[in-house]
């Protein structure tokens, strides 16, 4: 495949991403699976262009505005600007790529050619760019980022948009340890090293097709960011307990919970999406989990009401804006606005309150997001605690000591009330974790 058709394919993928609310990686995977004739090198080039344009979108749009008439802030316009500013091609070279030949993008218009001439000889980064543009952050979010990160805001937000590490989690249910998996991967020329904090994590040198590895096929490893591993570990699930994963999704954290429970006890996965729970079922079976049940959350579900006050641990991995996962999902930053954030926070509070009803006296409610925004994190938990005398926040360092550190992981990186992880400090996705404990009821037979 020549460079022209590669660029046309990237434009088509970017158009498909903009037309759906599905995650960008799934859209790209579907596009490539439907076109199996595309070779490996071409697939890599197309993916690099798609991810690159999404990661550079704010700066590209800034230049497109400066170029004036001719380029649009759409997939074609952004790819054209990217070829000029990132690849540093001249107008003649670009015209050779956008020539309207078979499978190549449509030929350049005169207005496009004129606009591109105004971009030639400029670098992608420019000192006149506002901080939000320079750091690839939506304008409406910049003040919130400043409030969270202070003087480190540019470093922190840039790190949120950088390429992510590629982490795996070793599955204790498979009877293997981390050192053995590292050695096995080394024999296959796949370099891996222990993650700094999680006792079960592996960090690969780059993203690799894990689904082809024997260790993945037989359930000995799973793809999971170290931050997500830490969040699951802080739940403190134990063998014999009743543990609820209230927003289970495709089951990533549930796999870790089942391992901590040693397949003993009862693990319930709830989610509003049957398709996500179906994917979780496949992962659970591959990992050898046999103590889990999956249920679709529906209004008036009596099975949920019957669990009131019975769960030892309830994990609320709340739906959020995903600002902490921009490294993996650069498209997510452009899918939300202030109005959407307000709607999400209302939903988060409702979910937290409903999940709290399931916790038994002395049990724990663990609230997690993959967001760095205070609106979705401290504001939600502090608001809940202000209106609930039944729960109190446990210092995260104490919970870390009895979970992560006790299992062989590192010491807790904070003495704050809640845990915040961010890529520029910890090398993980952005995560927030709050561990809340329900007070013992007066006269309860379980009261110590």
Fewest to most neighbouring Cβ within 10 Å: what's the order for 428, 86?
-> 86, 428
Please identify, among 348, 241, 229, the residue showing maximal mean-square fluctuation in a Gaussian network model of the chain using a 10 angstrom Cα cutoff.
-> 241
Can you pull the Rg over Rh of the stretch 226-438, Cα-only, Kirkwood?
-> 0.93
Write down the Å³ per residue value for the convex hull defined by the alpha carbon atoms of the stretch 270-379.
-> 134 Å³
Relative frequency of Cα-Cα separations exceeding 16 Å in the stretch 261-311, percent | 46 percent
Debye sum, Cα scatterers, the stretch 376-418, no solvent: what log₁₀ I/I(0) at q = 0.24 1/Å?
-> -0.82
In what order do 122, 103 fall by count of nearby beta-carbon atoms within 10 Å, going from fewest to most?
-> 103, 122
Mean shadow of the stretch 166-223, computed from the convex hull of its alpha carbons, in nm²?
-> 3.4 nm²
The correct pair for the stretch 1-86, radius of gyration to one decimal and Dmax as a whole number, both in Å and from Cα atoms, is 12.9, 39
Angle between the chain longest axis and helix 75-85 axis [Cα atoms, degrees, rounded to 10] | 70 degrees
List 437, 128 from most exposed to least, where exposure is judged by having the fewest other Cβ atoms within 10 Å.
-> 128, 437
Nearest 10 degrees, 0 to 90: helix 57-67 Cα axis against the chain principal axis | 30 degrees
Running Debye on the stretch 1-153 with equal point scatterers at the Cα sites and no solvent, what base-10 log of I(q)/I(0) appears at q = 0.10, 0.11, 0.15, 0.20 Å⁻¹?
-> -0.38, -0.46, -0.82, -1.26
Considering the alpha-carbon set of the stretch 101-232 alone, what are its Rg and its Dmax in angstrom?
-> 22.0, 65
Using 20 Å as the cut-off for backbone N distance, which residues of the stretch 61-75 belong to the label zone defined by a point 7 Å from the Cα of residue 19 along Cα→Cβ?
-> 72-75
Taking only C-alpha pairs under 8 Å that are 6+ residues apart, what is the relative contact order of the chain in percent?
-> 13 percent
Who wins for biggest fluctuation among 102, 57, 65 in a Gaussian network model of the chain, springs between alpha carbons below 10 Å?
-> 102
For the chain, what is the mean residue ellipticity at 222 nm derived from helices alone (per DSSP H run of n ≥ 4: -39500 (n - 2.57); sum divided by total residues; nearest 500 deg cm²/dmol)?
-> -12000 deg cm²/dmol
Computed P(r) (all Cα pairs; the stretch 350-448; 10 Å bins; percent) = 14, 43, 32, 9, 1
From the list (i) 23.9, 83; (ii) 21.8, 76; (iii) 21.2, 62, can you say which value of Rg and Dmax of the Cα atoms in Å was derived from the structure given?
-> (i)
So how tilted is helix 178-187 from the main axis of the chain? Cα-based, degrees 0 to 90, rounded to 10.
-> 30 degrees
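Quick note: the coordinates plus some simple rules give every number you see, no bench work behind them. Keep in mind it's a predicted model, so treat the numbers as computed, not measured. Positions of Cβ are backbone-derived with ideal geometry, glycine not excepted, and every protein chain shown enters the neighbour counts.
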